[in-house]
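Participant: If you scroll down you'll find the structure; I have some questions about it.
The values are calculated or read from the model by the stated rules, or taken from the named source; none is laboratory data. Note that the structure is a prediction, hence the values are computed from the model and not measured. Don't worry about glycine lacking a Cβ; one is built from the backbone with ideal geometry, like all the others, and counts go over all protein chains shown.
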Amino acid sequence: MAWRDVSSVRNLAIFLCAIAACVLAPSVVRHFVDGLFEEFRAPIDAIPSQLNDLGKYWSLHSNSKRSLIEAGRDLARINSAYELKMLENKNLQDRVARYEDILNLPPEDSYKFEVARIARRDINAWWQQMVIRKGRVHGIKEGYAVIYSGGVVGRIAKANLYTSVVELVSSRNFRMAAHFDGEDRPVIYQGAGAVSLQDAKGEVRDVPGDVRASVSEPRLLVTSALTGTFPEGIRIGEVVDLSLGADGLFKSGTVRLGRALSTLREVTVLIPISEIGK
């Protein structure tokens with residue numbers, strides 16, 4: 001029994017010494033150790049996602065010729081639809097370019113689209129994050145916008161060498177300027193947190209008193225150029241209720257986020273062209 005007591009005291013002493021070293025160590029040392037740990041952990045985060053992709057590859061490889069032919073036909077139809085959309089998009093871009101030339105307007109800031117696979121999700125009632133399989137070597141930096149086909153995903157909270165942490169739009173730590181679709185009056189959006197992404201919500205504040213929204217008639221909330229990191233007009237969610245605050249002047253309400261956030265496998269990071277190479 002004596003050696004067990006000595007071992008317990010020794011382990012406790014080592015634990016206390018480790019805490020003291022972390023507290024008393026210079027900030028440079030702590031930052032270096034934290035960055036070293038993140039880079040060491042990055043392959044551990046990415047390996048399960050890569051193994052999942054490999055498993056899907058082999059499962060598709062083992063399919064019969066008939067199922068592959070059917071899948072090829074479906075893919076051909078989807079590709080045809082995408083080609084039509086691309087032509088339509090090209091025509092719209094040419095029209096915008098002509099209008100800019102006629103009106104002598106400067107072109108809008110453009111972005112490079114960096115597509116990244118999701119490696120891990122960290123879902124908590126307070127903060128919600130995900131880890132993606134691209135980082136600083138791909139040109140990603142902290143603060144960059146992250147989107148998907150349905151709107152805003154979040155913002156890069158931390159960029160490691162090969163992975164990045166995304167602060168989700170549903171996290172309580174996520175806050176940005178926004179406005180209602182069709183209006184230019186700015187409001188404040190903040191994530192409300194949730195147990196899961198399927199019922200994730202946000203909050204909108206400082207809404208002018210004449211704006212109305214309900215479950216039967218929701219209002220679309222989009223990004224504002226005042227944010228700086230997001231382009232204008234990207235979907236955030238739908239405002240399903242509004243009520244006057246204590247001051248009686250401005251309203252606040254609930255924002256219903258897209259349910260597809262819970263099933264995302266890939267996201268797109270917006271990298272400003274002006275910052276590439278810096």
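Participant: So which residues in segment 247-274 are of a type in the set (A, V, I, L, M, F, W, C) and either farther than 16 Å from Val204 by Cβ or under 20 Å from the mean Cα position of the chain (by Cα) (or both), if there are any at all?
Facilitator: Those that are of a type in the set (A, V, I, L, M, F, W, C) and either farther than 16 Å from Val204 by Cβ or under 20 Å from the mean Cα position of the chain (by Cα) (or both): Val255, Leu257, Ala260, Leu261, Leu264, Val267, Val269, Leu270, Ile271, Ile273.
Participant: If I filter segment 144-196 down to residues being surrounded by fewer than 18 Cβ atoms within 10 Å (Cβ to Cβ) and either of a type in the set (Val, Ile, Thr) or not assigned by TED's automatic domain parsing to the domain that holds Gly237 (or both), which single residue comes out as modelled with the highest pLDDT?
Facilitator: The qualifying residue modelled with the highest pLDDT is Ile188.
Participant: What pairs can you find where one residue is in segment 88-102 and touching a residue at least 60 places away in the same chain (Cβ under 8 Å), the other is in a helix (DSSP H, G or I), and their Cβ atoms are less than 8 Å apart, with a gap of 6+ or different chains?
Facilitator: Here the result reads none, with nothing in segment 88-102 linked to a residue that is in a helix (DSSP H, G or I).
Participant: Determine, yes or no, whether Val137 is in the same structural domain as Thr263 (by TED's automatic domain parsing), among the aliphatic types (A, V, I, L, M) and buried (at least 18 other Cβ atoms within 10 Å of the Cβ).
Facilitator: no
Participant: So, one more: Within segment 222-278, take every residue that is basic (Lys, Arg) and crowded, with 17+ Cβ neighbours inside 10 Å and give me the one that is farthest from Ala145 (Cα to Cα).
Facilitator: Filtering segment 222-278 for residues that are basic (Lys, Arg) and crowded, with 17+ Cβ neighbours inside 10 Å, the one farthest from Ala145 (Cα to Cα) comes out as Lys251.
Participant: Okay, next question. Quick one: in segment 77-112, of everything that is outside any helix (DSSP H, G or I) and surrounded by 10 or more Cβ atoms within 10 Å (Cβ to Cβ), which residue is modelled with the highest pLDDT?
Facilitator: Lys112
Participant: Every residue in segment 197-210 that is touching a helix residue (DSSP H, G or I) at 6+ places or on another chain (Cβ under 7 Å) and surrounded by 15 or more Cβ atoms within 10 Å (Cβ to Cβ), please.
Facilitator: If the condition is that a residue be touching a helix residue (DSSP H, G or I) at 6+ places or on another chain (Cβ under 7 Å) and surrounded by 15 or more Cβ atoms within 10 Å (Cβ to Cβ), then Leu197, Ala200 are the ones that fit.
Participant: Considering (1) over 17 Å from the mean Cα position of the chain (by Cα); (2) surrounded by fewer than 16 Cβ atoms within 10 Å (Cβ to Cβ); (3) within 28 Å of Glu275 (Cβ to Cβ), say which one Ser214 fails and leave the rest.
Facilitator: (3)
Participant: Oh, and also: Looking at (1) surrounded by fewer than 21 Cβ atoms within 10 Å (Cβ to Cβ); (2) over 10 Å from Val269 (Cβ atoms); (3) in contact with a strand residue (DSSP E or B) (Cβ under 8 Å, 6 or more places away or on another chain), can you tell me which one Val131 breaks?
Facilitator: Unmet for Val131, out of (1) surrounded by fewer than 21 Cβ atoms within 10 Å (Cβ to Cβ); (2) over 10 Å from Val269 (Cβ atoms); (3) in contact with a strand residue (DSSP E or B) (Cβ under 8 Å, 6 or more places away or on another chain): (1).
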